[in-house]
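What follows is a short report on a single structure.
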Amino acid sequence: MGNYKIALIPGDGIGPEVISPAVDVLVALADKFGHSFTYIPLEAGGCAVDRYGKPLPEGVLETVRECHALLLGAVGGPKWDTLPGNRRPEQALLALRKGLGVFANLRPAILLPQLRDACPLKEAILAGPPADNSPKGRTGTAAGFDLLIVRELTGGLYFGRRGRSAGGNSAFDTETYSRKEIDRVLRVGFDAARRRRRKVTVVDKANVLESSRLWREVAKDVMQEYPDITTDFLYVDNAAMQLISSPGQFDVIITSNLFGDILSDEASVLTGSIGMLPSASLGPGGEAGSRFGIYEPIHGSAPDIANKDMANPLGTILSAAMMLRYSLGLEQEALTVERAVNAVLDSGLRTADIARRDKTTGGQNERLVGTGEMGAAVIRALN
Ligand code: NAD
């Protein structure tokens, strides 16, 4: 039994439509497990520009800081595209990430057996990984892949010194990392591996870059504290190849901001379903499982399908499951939500974006449902 405060920012477009079923799932789950969740609804993004003239109104950041976690839908849309930079909805996300100090971005990429046909890889590759490392259990995936990319989010090339020469004909960006920045994100990744299949791959470019050599040095120190985890190292060029030639070998990949940006997009496309994918951005915290985090689906506000009851809410519901695991320390509850999502897909329910993807049945056992019905089915499947 726990008392937790959860900030909610539904945002724009399909944001409110996907947050609503995710909250319904949390309400049902809290009831089932005897927890008390308090929800603090807040406005940010385009809707806040309309109402308050700015994407992140006064006081929102401070209110979120008092919560255990933030569950966010999506922000933005064509209506606000012509606004000057500092008034654009995306500024709210950047200000929240900066203000809340979230430095580790976690992006799972799971190939669910029910959506196997959506994966652009050949069946022979998906059947691939050796038995001792084949993803099993959490998602019921018999083979394929179930990996987690942990990307450093607030350092490296995207935040380093940059500039142009006087004439503008040469330019530079700098990759700078401190031991502390590397150490804290590695620990998030190693802790995550302890809840999974206990394998970490540190991805760098240590054959060329000095900053990568520091990553490796620090990783070799940190891995001593995790003797139960198998750790290996890969150069990023090799990792990019291995992701498409043998994705089942990976459990947790930990890497820098730049490499993580690229590899996490590569991995997400392998799952073939943007509406299904959750993410977490974690900040400093005490015990593993009690870090503050921002949880959001990886998709945007999808204005093309907003208000049509067509949005897939599963990416947001799975983001809520990550919140239970990483910020509230409720592993059993997180698994319950993940299994419910799996069961609903097994039963053949599909939103439009994931319909007719099941090669084995040719989509014959599928039933097309809207956002609300999909959310309600997940609640029924919580057991
Ligand atoms: P998008 O992710 O919103 O949509 C891309 C495509 O995927 C669209 O065809 C959309 O219909 C579909 N899609 C996305 N989520 C879906 C879901 N849950 N169910 C079914 N289909 C889904 O990306 P975009 O079109 O490039 O961006 C739209 C707006 O969202 C822009 O204003 C962009 O700036 C913003 N955006 C916000 C975030 C965020 O809030 N984190 C992230 C990306 C984009």
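Odds and ends about this structure:
- Here S301, S281, S273 are screened, and the one residue that is more than 26 Å from K5 (Cβ to Cβ), within 12 Å of the ligand (Cβ to nearest atom) and of a type outside the set (V, I, T) is S273.
- Note on the range 1-45: residues that are within 22 Å of the chain's Cα centre (by Cα) and not hydrophobic (A, V, I, L, M, F, W, C) amount to 16.
- Any hit, the range 372-382, residues being farther than 14 Å from A22 by Cβ and within 16 Å of the ligand (Cβ to nearest atom): yes
- Among the residues of the range 315-328, those identified as outside any loop (DSSP other than H, G, I, E, B) and more than 8 Å from the ligand (Cβ to nearest atom) are I317, L318, S319, A320, A321, M322, M323, L324, R325, Y326.
- G289 being within 14 Å of the ligand (Cβ to nearest atom), touching a Lys or Arg at 6+ places or on another chain (Cβ under 8 Å) and either assigned by TED's automatic domain parsing to the domain that holds Y4 or of a type in the set (G, A, S) (or both): no
The values are calculated or read from the model by the stated rules, or taken from the named source; none is laboratory data. Computed from a predicted model, the values in this text were never measured in an experiment. Glycine also receives a Cβ, built like all others from the backbone with ideal geometry; neighbour counts cover every protein chain displayed.
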